[in-house]
């Protein structure tokens with residue numbers, strides 16, 4: 001059985017000059033599956049916030065970051081991790097717990113606006129903090145009318 | 001990716017212009033450009049963001065720091081030319097309540 005999504009994974013040095021490359025790649029992928037202009041702009045900011053967080057906080061010296069994008073018919077799931085190596089997407093996904101509202105207020109005070117913006121611009125944000133690093137897992141759904149449009153294009157191709 | 005920041009004196013107003021994308025990579029340039037501004041008592045500063053195509057929390061943080069410094073040193077600062085997208089960001093972060101911001105100039109119908 002084929003998976004209900006296409007999965008793309010990118011690995012970059014954890015350096016700020018790659019934030020825009022990652023943002024633009026995610027924007028292209030989102031556009032490909034039918035997100036609206038405004039939703040793509042939201043995704044660009046959310047992914048930049050998560051990646052910037054890795055660049056600033058994950059490593060003392062050089063390190064790497066992995067960005068996974070799972071594209072479904074009705075949503076995109078993004079995973080941003082400071083693991084040095086690639087991850088088994090579905091394994092990591094199963095280890096993340098819910099991200100509570102009361103947690104976000106604390107984080108806003110301590111960590112600035114980045115996490116708050118991710119939460120505000122995406123439909124779901126989950127954080128997994130374990131021995132090997134931090135993974136941000138976030139989801140955004142495609143507005144219903146766009147889904148129909150894409151479905152139509154797919155069947156006529 | 002490019003980011004530019006420059007200032008022009010215009011009567012009693014110091015006009016700043018920021019152009020391009022503001023993220024973690026270009027932010028130090030913006031910070032340096034704003035930190036170089038000498039604030040005197042009563043100085044009015046307007047920073048035009050009409051040509052900013054992207055900004056995230058890194059950029060917002062730099063404007064917050066600049067805003068705080070200008071206020072502390074007795075000047076006034078206003079951010080102008082915010083696109084609907086950028087205005088939305090200032091709104092959801094609560095910054096539009098704390099800072100003096102203005103949207104894109106509407107074309108006047110004569």
- Message: With the crude spin-label approximation of a point 7 Å out along Cα→Cβ, what separation in nm comes out for residue B:73 versus residue A:17?
- Response: 3.1
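Ignore the peptide's own chain and count Cβ atoms of other chains within 10 Å of each Cβ in A:39-45; give me the average, rounded.
Details: counts 0, 0, 6, 3, 0, 4, 7.
That average works out to 3.
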- Say each of residue B:84 and residue B:12 gets a label point 7 Å from the Cα, pointing the same way as Cα to Cβ; how far apart are those two points in nm? 3.6
- Query: With no solvent and one point on each alpha carbon, what is the Debye value of log10 I(q)/I(0) for segment B:3-103 at q = 0.12, 0.24, 0.25 Å⁻¹?
  - Reply: -0.33, -1.48, -1.60
- Query: Binning every alpha carbon pair distance of segment A:1-46 at 10 Å from zero, what are the percents per bin?
  - Reply: 23, 47, 26, 4
- Task: Please give the length that would be gained between residue A:124 and residue A:57 if that part of the chain were fully extended, namely 0.36 nm times their separation in residues minus their C-alpha to C-alpha distance (nm, one decimal).
- Result: 21.9 nm
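We did not get these values from a lab; they are worked out from the coordinates using the rules stated. Treat the numbers as computed from the prediction; the structure is a model and nothing was measured. Methodologically, a virtual Cβ is constructed for each residue, glycine included, from the backbone with ideal geometry; neighbour enumeration extends over all protein chains shown.
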